[in-house]
Amino acid sequence: MITKSLRWWTFLALVLSFSLAQQGRFQGVSINVLTFTGPQIAEPLRRHAAAFERATGARVNVTVVPFSDLYQQILTDATTGTNSYDAWIFAPQWMADFAPAGIMEDLTARVRADTAIQWNDIAPFFREFSAMYGGKILTIPLDGDFQVVYYRTDVLRQLGLQPPRTWDEYLNIAQRAHGRDMNGDGRPDFGSCIAKKRNAQSYWMFMSILGGYVQSQGTRQGAFFDTRNMQPLVKNQAFAEALRVYRETTRFGPPDELNLDVGDTRGLFTSGRCALSIDWGDIGPLSIDPQTSKVKDLVGAVILPGSRRVLDRNTGNLVSCTPQLCPHAINGVNHAPYAAFGGWSGGINAKASAPKKDAAYALFSYMSQPAQANKDVTIGITGFNPYRISQFRDIQNWVAAGFSEAGARNYLGAIQQSLNSPNMVLDLRIPKAQQYQQVVLDRVLSEYLAGQLTIAQAQEQIHNGWEEITNAEGRQKQLQAYLASLGIGAR
């Protein structure tokens, strides 16, 4: 009780000190902030905006649009001179289009002068990959995103199975668990629940399956294109196998899985209806919510499964792992954890007025500061996942939120193992990344899952669609951008 009391008073003191320091600072300043519909991300933005308004006198107007519209809404509004929005919370991979367009404010000087944000407490990956582009700090990280596999500890124990190390083991668990009543409501439940809705965020789940088959030599090898010539890593046996596994999971999922977004699958998992799921960090905190969860203390998390066979890039074939081919393998399994999305981040419109830029920066700094952020990441509805070093070190913060200590260590451990992996797959951050993934890949995957395309036809369409974008943008330009995004050459 003493520890919790001290923790509360420390938190209150930080909030009060912020309020006193900012009192009336932005009186009369109104800022418009755009993000996606949510409730994830929009919920903490609105909640913190209200507190920020009370402390500073600013007015924060929050606008939300569907995720499928967010990229284009930001780009069109800012590049046409409309400038309806002063700031955005968005996917940092889009900086590859936004920064060259001249719409993003350089935040480097502000961050360097801001002690309250505790910049060095943000994990280096998010501080560098998610926040920086072209050597400048362009966003404020508010979230950390890695995909992991969640599993029901009680169900696997009953089946006498271990958490999946490979995608074949994932399918085996899903098949064995499918049709069991896992929440005691008298209805058969599902072996696997994966969001597969089109025009949403589903294509990241496919990439989480693909990574372990195509990238085995470390992060700089890349998982999307051949670093020698920018040819898509699509028309090969590894991509075909990932497509097969992806469709196979549907056999053990809800009957309407092709229409489910991540909010839907999270609800199914926390209501006890799924044995397995692929997701970002959200299921961990959602699983301890006393109002909605039926699986408290029954959820485990593990680094994304991998494969004992990986792509030979010279032949296009799947071949068995060797120490030379898979130097980072664990017990013969090549894992390639996926830094999907990169974590929601706040950016500021370079065309906004100086008072609006100052107010927008102060809002994002306030949201990212440990007093707010370290609480937000423990609340499932926020959509914010761990990204600060202190969030991984302070187990008691998670215990106070409702995790058991063992549960907190397991959850954070899966994310940390992913974050620390030398074979981490970086999300695509090059010009037109949104078109490569959200337009071409998403459309083809949807048609493939619906049975409209064979594996070979899906590979052909993705390959051709990606080649069309690359050729239109300029192959050498795209290759240099891709190499830079992998940390090869100037960034």
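The values are calculated or read from the model by the stated rules, or taken from the named source; none is laboratory data. Bear in mind the structure is a predicted one, so any value in this text is a computation, not a measurement. FYI the Cβ positions are ideal-geometry reconstructions off the backbone, even for glycines, and counts take in every protein chain you see. Quick note on the areas: whole protein, heavy atoms, side chains included, nothing else; ligands and nucleic acids left out. Shrake-Rupley method; radii C 1.70, N 1.55, O 1.52, S 1.80 Å.
Tabulated data
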read-out	value
Segment 347-379, residues that are among the acidic types (Asp, Glu) and either open to solvent by less than 10 Å² (accessible area, probe 1.4 Å) or part of a loop (DSSP other than H, G, I, E, B) (or both)	ASP376
Checking ASP297 against (1) of a type outside the set (Phe, Trp, Tyr); (2) buried (at least 24 other Cβ atoms within 10 Å of the Cβ); (3) at positive phi, the condition it does not meet	(2)
Filter result (in contact with a Lys or Arg (Cβ under 7 Å, 6 or more places away or on another chain) and surrounded by fewer than 20 Cβ atoms within 10 Å (Cβ to Cβ)) within segment 82-97	ASN83
Helices (runs of 4 or more DSSP H) enclosed by segment 98-187 - at least 1 residues per element that are buried (at least 23 other Cβ atoms within 10 Å of the Cβ)	167-177
Considering residues of segment 38-65 that are at pLDDT 95 or above and in a loop (DSSP other than H, G, I, E, B) only, the residue farthest from the chain's Cα centre (by Cα)	GLY57
Condition met for ARG273 (in contact (Cβ under 8 Å) with a residue 12 or more places away in the chain, basic (Lys, Arg) and either open to solvent by less than 40 Å² (accessible area, probe 1.4 Å) or out of contact with any helix residue (DSSP H, G or I) (no Cβ under 6 Å at 6 or more places or on another chain) (or both))	yes
Yes/no for GLY332 being touching a residue at least 12 places away in the same chain (Cβ under 8 Å), of a type outside the set (Asp, Glu) and crowded, with 24+ Cβ neighbours inside 10 Å	no
Residue in segment 264-272 that is among the basic types (Lys, Arg) and either closer than 21 Å to ALA450 by Cα or in contact with a Phe, Trp or Tyr (Cβ under 6 Å, 6 or more places away or on another chain) (or both) present	no
Test: residue in segment 164-178 that is farther than 16 Å from VAL425 by Cβ and of a type in the set (Asp, Glu)	yes
First in segment 62-81 and within 17 Å of GLY346 (Cβ to Cβ), second anywhere and aromatic (Phe, Trp, Tyr) and assigned to a loop (DSSP other than H, G, I, E, B), Cβ under 9 Å, 6 or more apart	THR63/TYR85; GLN73/TYR85; ILE74/TYR85; ASP77/TYR85; ALA78/TYR85
Set THR249, THR219, THR292: member being closer than 28 Å to SER320 by Cβ and open to solvent by 10 Å² or more (accessible area, probe 1.4 Å)	THR219
